[in-house]
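Report on the following structure.
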Amino acid sequence: MSPAGFATALERVRAGGVDPADLQQLLEATDPDEIAALHRAAYAVKLATVGPVVHLRGLIEWSNRCARNCLYCGIRRDNAALERYSLSPEEIVAAARRAHSFGYGSVVLQGGERQDAAHADFIVRALEGLHEATGGELGVTLSLGEQDRAVLRRWREAGAHRYLLRMETSDRGLYGRLHPDHPDWEQRRRCLDDLRAEDYQVGTGVMIGLPGQSAASLAQDILLFRGQDVDMIGMGPYIPHADAPLPPDAGVFDPREQMRRALNMIACTRLVLPLVNVAATTALQALDEAGRERGLLAGANVMMPNVTDPTYRSSYHLYDGKPGDDEDAEACRRALERSIAALGERIAYRERGDSPRARARSR
Ligand code: SAH
C-alpha cells in the first residue's frame with residue numbers, strides 16, 4: 001500500500017488517528033507549506049487546550065557530577081575536561097527565591113545522576129529549604145535520573161510533585177548503544193511506572209535527530225508517550241558535544257535539519273497528546289535564537305528559563321553552543337516577556353501550570 005498523501009495523514013492524526021505510517025509522514029515533512037500546515041494544526045490544538053499562555057519553570061542546574069557515562073552528554077562521568085561543581089543548599093534556595101521573585105510558578109531541579117545515600121539526603125534538605133524560603137508557593141519538578149522507588153517517595157514527601165525522566169529513545173537497541181554501561185531500557189521505563197505509583201506528575205521525552213534514529217522511530221516515541229499516559233514532555237534536538245564521543249547524525253551536524261526534525265516532532269506530539277505540557281527546550285534556542293518561540297508556534301506551552309547563578313553555567317554544558325552563560329536572569333525574563341507578547345501570548349505568572357492531563361487526573 002502506498003502511503004497516504006500528507007494532507008490525508010494530517011487530517012487523520014488531527015482526528016485522533018495514531019497510525020505510525022501517518023505520523024512518520026508528518027515527521028518527515030520537508031515542504032515549507034506542509035510544515036506550516038502541520039505546525040498550524042498543532043498550534044490550534046495548543047490554543048484550544050491550554051489557551052494563549054506560556055508557563056515558566058525556573059531551571060536550577062544544581063550539579064554536574066554524574067555517575068553515568070551517556071555517549072552523547074557533556075557532563076558524562078569520563079569527561080575529564082570538565083570542572084565539577086555542586087551548589088550548596090543555600091545556593092539552591094537563592095536560585096529558587098530568584099524564580100519566586102520573578103513570579104515563576106515552578107522550578108526544575110536538574111543535575112547529573114547519582115544513586116548514593118548522601119545525594120538522596122541532600123535533595124530532601126534542598127526541597128525542604130526551598131519550600132520554607134518560598135512559602136510553599138513553588139511547584140517543583142525533579143530531573144535527577146533513575147532512582148529507587150524508596151528515594152522517589154522521600155523526595156515526593158519532601159515536596160517535589162513532578163519528575164522529568166526522558167526515555168531518550170523508544171528504540172531499545174539504540175538506547176543500548178547510547179548507554180553501554182547501563183543499557184537496560186526496560187529498567188528506565190519501569191521508573192516511569194514507579195513515579196506514577198508514587199503520585200508524581202510524570203514527564204518524559206527523547207532526543208531528536210540522534211545518529212541511527214529514523215522518523216519511524218520518532219513515531220514510536222510518540223506512541224510510547226501515549227502508552228505511558230504522561231503528563232508532560234521535554235524533548236529537544238540532539239546537539240553533539242566536543243568532549244563526548246557520539247558523532248552527529250550522518251557524520252555532519254546540520255542545525256537546520258535538526259531544527260526541522262525537532263519542530264515537526266513537537267507538532268506531532270501535540271496532535272497526539274493534546275492535554276500534556278510540552279516544553280520548548282533550551283536546545284532549540286541553541287540552534288536558533290528564536291528556537292523556543294518557534295517551538296511554541298509548533299505546539300509547545302512551557303519554557304524553562306535558567307535561574308542558576310551564571311558562575312556555574314559554563315560547567316553545565318550538556319551539548320555545544322548552549323546559550324545563556326552570561327545572561328542576567330532578570331534581563332532574560334524581560335526579553336522572554338517581549339518575545340511571547342509578540343506572538344500574541346502571555347506568561348502566566350504565579351501559577352504552577354499543571355497540564356490539563358494532570359488536572360483531569362487529580363479530579
Ligand atoms: N541526569 C538527568 C538529567 C540531566 S541530563 C537524567 O538523566 O534525567 C538532561 C537531558 O539532557 C537528558 O535527558 C538528555 O535528553 C539531554 N541531553 C544530554 N546530552 C545532550 C546532547 N548532546 N544534545 C541534546 N540533549 C542532550
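Computed from the coordinates by the stated procedures, all read-outs in this text should not be read as laboratory data. Note that the structure is a prediction, hence the values are computed from the model and not measured. With ideal geometry, Cβ positions are generated from the backbone for all residues, glycine too; neighbour counts draw on all protein chains shown.
Restricting attention to segment 147-166, which residues are among the aromatic types (Phe, Trp, Tyr) and either more than 14 Å from the ligand (Cβ to nearest atom) or out of contact with any Phe, Trp or Tyr (no Cβ under 6 Å at 6 or more places or on another chain) (or both)?
So the first thing to find is which residues in segment 147-166 are among the aromatic types (Phe, Trp, Tyr), and the list is 155, 163.
TRP155 - this is the single residue of segment 147-166 that is among the aromatic types (Phe, Trp, Tyr) and either more than 14 Å from the ligand (Cβ to nearest atom) or out of contact with any Phe, Trp or Tyr (no Cβ under 6 Å at 6 or more places or on another chain) (or both).
Starting from residues that are more than 23 Å from the chain's Cα centre (by Cα) and of a type outside the set (Ser, Thr, Tyr), keep the ones in segment 101-123 and report whichever is surrounded by the most Cβ atoms within 10 Å (Cβ to Cβ).
That would be PHE122.
Filter segment 109-146 down to the residues that are of a type in the set (Val, Ile, Thr), closer than 18 Å to ALA94 by Cβ and within 13 Å of the ligand (Cβ to nearest atom) and list them by number. Before you say what the answer is, go through the steps one by one.
Taking segment 109-146 and keeping what is of a type in the set (Val, Ile, Thr), we get 123-124, 134, 140-141.
Filter once more, so that each one left must be closer than 18 Å to ALA94 by Cβ: 123, 134, 140.
Once the filter is applied, which keeps residues that are of a type in the set (Val, Ile, Thr), closer than 18 Å to ALA94 by Cβ and within 13 Å of the ligand (Cβ to nearest atom), segment 109-146 yields only ILE123.
Tell me whether segment 283-297 contains one or more residues that are acidic (Asp, Glu), under 22 Å from ALA41 (Cβ atoms) and out of contact with any Ser or Thr (no Cβ under 7 Å at 6 or more places or on another chain).
The initial filter retains those residues of segment 283-297 that are acidic (Asp, Glu), namely 288-289, 293.
Then keep just the ones that are under 22 Å from ALA41 (Cβ atoms); that gives 288, 293.
Now restrict to residues that are out of contact with any Ser or Thr (no Cβ under 7 Å at 6 or more places or on another chain): 288.
Scanning segment 283-297, I find at least one residue that is acidic (Asp, Glu), under 22 Å from ALA41 (Cβ atoms) and out of contact with any Ser or Thr (no Cβ under 7 Å at 6 or more places or on another chain), so the answer is yes.
Can you name every residue in segment 189-199 that is in contact (Cβ under 8 Å) with a residue 40 or more places away in the chain and either surrounded by fewer than 19 Cβ atoms within 10 Å (Cβ to Cβ) or within 16 Å of the chain's Cα centre (by Cα) (or both)? Break it down stepwise before answering.
Start the filter on segment 189-199 by keeping residues that are in contact (Cβ under 8 Å) with a residue 40 or more places away in the chain, which leaves 191, 194-195, 197-199.
ALA197, ASP199, listed by residue number.
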I'm trying to understand the selection: among the residues of segment 132-145, which are under 19 Å from TYR349 (Cβ atoms) and either of a type in the set (A, V, I, L, M, F, W, C) or more than 22 Å from the chain's Cα centre (by Cα) (or both)?
ALA133, THR134, GLY135, GLY136, GLU137, LEU138, VAL140
Within the set of pairs 6 or more residues apart or between chains, which connect a residue that is under 23 Å from GLY135 (Cα atoms) and of a type in the set (Lys, Arg) inside segment 150-166 to a residue that is part of a strand (DSSP E or B) and within 13 Å of the ligand (Cβ to nearest atom) with Cβ atoms less than 7 Å apart?
ARG162/THR141; ARG162/GLY203
Single residue of segment 298-322 satisfying the filter (away from the ligand (no atom under 13 Å from the Cβ), assigned to a loop (DSSP other than H, G, I, E, B) and not β-branched (Val, Ile, Thr)) that is surrounded by the fewest Cβ atoms within 10 Å (Cβ to Cβ):
ASP309
Consider only pairs whose beta carbons are under 8 Å apart and that are at least six residues apart or on different chains; among these, list those whose first residue lies in segment 110-134 and is under 14 Å from ALA160 (Cβ atoms) and whose second residue is within 14 Å of the ligand (Cβ to nearest atom) and polar (S, T, N, Q).
GLN110/SER143; GLY111/SER63; GLY111/ASN64; GLY111/SER86; GLY111/SER143; ALA120/GLN147
Which residue is nearest to PRO356 (Cα to Cα), if the candidates are limited to segment 50-108 and must be away from the ligand (no atom under 14 Å from the Cβ) and among the β-branched types (Val, Ile, Thr)?
VAL50
Qualifying residue in segment 234-241 (condition: at negative phi and more than 9 Å from the ligand (Cβ to nearest atom)):
no
Taking only segment 277-297 into account, find how many residues are in contact with a His (Cβ under 8 Å, 6 or more places away or on another chain) and assigned to a helix (DSSP H, G or I).
1
THR281 out of contact with any helix residue (DSSP H, G or I) (no Cβ under 7 Å at 6 or more places or on another chain) and within 15 Å of the ligand (Cβ to nearest atom)
yes
